1. If the requirement is being touching a Lys or Arg at 6+ places or on another chain (Cβ under 9 Å), among the basic types (Lys, Arg) and either part of a helix (DSSP H, G or I) or at pLDDT 85 or above (or both), which of these qualifies: Arg98, Arg142, Arg107?
2. With (1) surrounded by 13 or more Cβ atoms within 10 Å (Cβ to Cβ); (2) at pLDDT 90 or above as the list, and Gly61 as the residue in question, which single condition is left unmet?
3. Which residue pairs have Cβ atoms closer than 8 Å, lie 6 or more positions apart in sequence or on different chains, and pair a first residue in the stretch 203-224 that is without any contact (Cβ under 8 Å) to a residue 60 or more places away in the chain with a second residue that is surrounded by 17 or more Cβ atoms within 10 Å (Cβ to Cβ) and among the acidic types (Asp, Glu)?
4. Hey, can you tell me all the residues within the stretch 204-214 that are in contact with a helix residue (DSSP H, G or I) (Cβ under 9 Å, 6 or more places away or on another chain) and in a helix (DSSP H, G or I)?
5. In the stretch 178-202, what residues are without any contact (Cβ under 8 Å) to a residue 60 or more places away in the chain and within 24 Å of Leu2 (Cβ to Cβ)?
6. Which condition breaks for Glu194 when tested against (1) of a type in the set (Asp, Glu); (2) at pLDDT below 95; (3) exposed (fewer than 15 other Cβ atoms within 10 Å of the Cβ)?
7. Taking the stretch 216-258, which residues are part of a loop (DSSP other than H, G, I, E, B), of a type in the set (A, V, I, L, M, F, W, C) and either closer than 16 Å to Lys182 by Cβ or under 21 Å from the mean Cα position of the chain (by Cα) (or both)?
Amino acid sequence: MLDKIAKDFKTKLPIILVDSLLDSYKEIKENFFLERHEPAELNGGKFVEACYRIIEQETRGGFTPIGTHTPDMIGKLRAFEQLPSTMALESYRIHIPRALSTIYNIRNKRGVGHLGGDVNPNFADSSFIVTCVDWILAELLRVHYTCSLDDAQKIVDSIIIRPSFLVHKIDDIRRVLNPNLKNRDQVLVLLASEFPNAIQDNQLFDWIEPKSKPTFINSVIKKLHSERLIEYRLDKKCVILPPGLKYVDKKHNEFLKF
């Protein structure tokens, strides 16, 4: 999913800004879903810095070099609202800067990373930050996508899907790392990790390595299709359906226990 977004963004935005934005986004999501809530919040600042420079580039034709200190970030974000509506999209003037300001304020003013006497707000704050960065990335994609409208919508929808840390990628090979998962659950985890792409049944057989291919196709793939968890197409490709995504999301923490 992120590779597709990166490809589209880099046709219109400086490569260094796209890489900075998506690297910080990935860091936030990975830390959050591994329950490292303080790092998820701390890395929100990196996302704000990268996104601020993208709006600079889009509205002013240039951006503050990466690594350069940017004092009074909140003031700089608010300044975008003063741009004439004829010069910049409303998303660049108002919506995204206001979301970035909130992330930045939580990062700096809620005592993240410091001891305090109040109830620890880290989980609630990091949950909010993850929701914000998901929305901002989807909004940037909506503005910049170069794929078809249908593909863009699938990518935007997939942004909110919980990433899987059960799958390890080695070149073209995918391995589900939990050896205790049944074949049907491995299929769903693999398809969720590849969403929105469709995967050939032969590819799934090679990745999972069950004993019998006919049994795998008839008892696993076709059964998942009949349950409407996946779509098994005439071209022998499989794509996970919304109920399948919900199943993987619900079982995610359970699947991680190995």
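The values are calculated or read from the model by the stated rules, or taken from the named source; none is laboratory data. In this text the structure is predicted, and so the values were computed from the model without any measurement. Note that we place each Cβ from the backbone using ideal geometry, even for glycine, and neighbour counts take in every protein chain shown.
1. Arg98
2. (1)
3. Ile217/Asp201; Ile221/Asp201
4. Within the stretch 204-214, Leu204, Phe205, Trp207, Ile208, Lys213 meet the criteria.
5. If we filter the stretch 178-202 for residues that are without any contact (Cβ under 8 Å) to a residue 60 or more places away in the chain, which is where we start, we get 182-184, 186-187, 190-194, 197-202.
Selection gives Gln186, Val187, Leu190, Leu191, Ala192, Ser193, Glu194, Asn197, Ala198, Ile199, Gln200.
6. Answer for Glu194: the failing condition is (3).
7. Result: Leu229, Leu241, Leu256, Phe258.
Yes or no, residue by residue, for (1) surrounded by fewer than 17 Cβ atoms within 10 Å (Cβ to Cβ); (2) modelled with pLDDT under 95; (3) among the charged types (D, E, K, R); (4) farther than 27 Å from Ile136 by Cβ:
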position: Asp150; (1), (2), (3), (4): yes, yes, yes, no
position: Gln153; (1), (2), (3), (4): yes, yes, no, no
position: Ile159; (1), (2), (3), (4): no, yes, no, no
position: Leu204; (1), (2), (3), (4): no, no, no, yes
position: Ile208; (1), (2), (3), (4): no, no, no, yes
position: Val220; (1), (2), (3), (4): no, no, no, yes
position: Leu224; (1), (2), (3), (4): no, no, no, yes
position: Leu229; (1), (2), (3), (4): no, no, no, yes
position: Ile240; (1), (2), (3), (4): no, yes, no, no
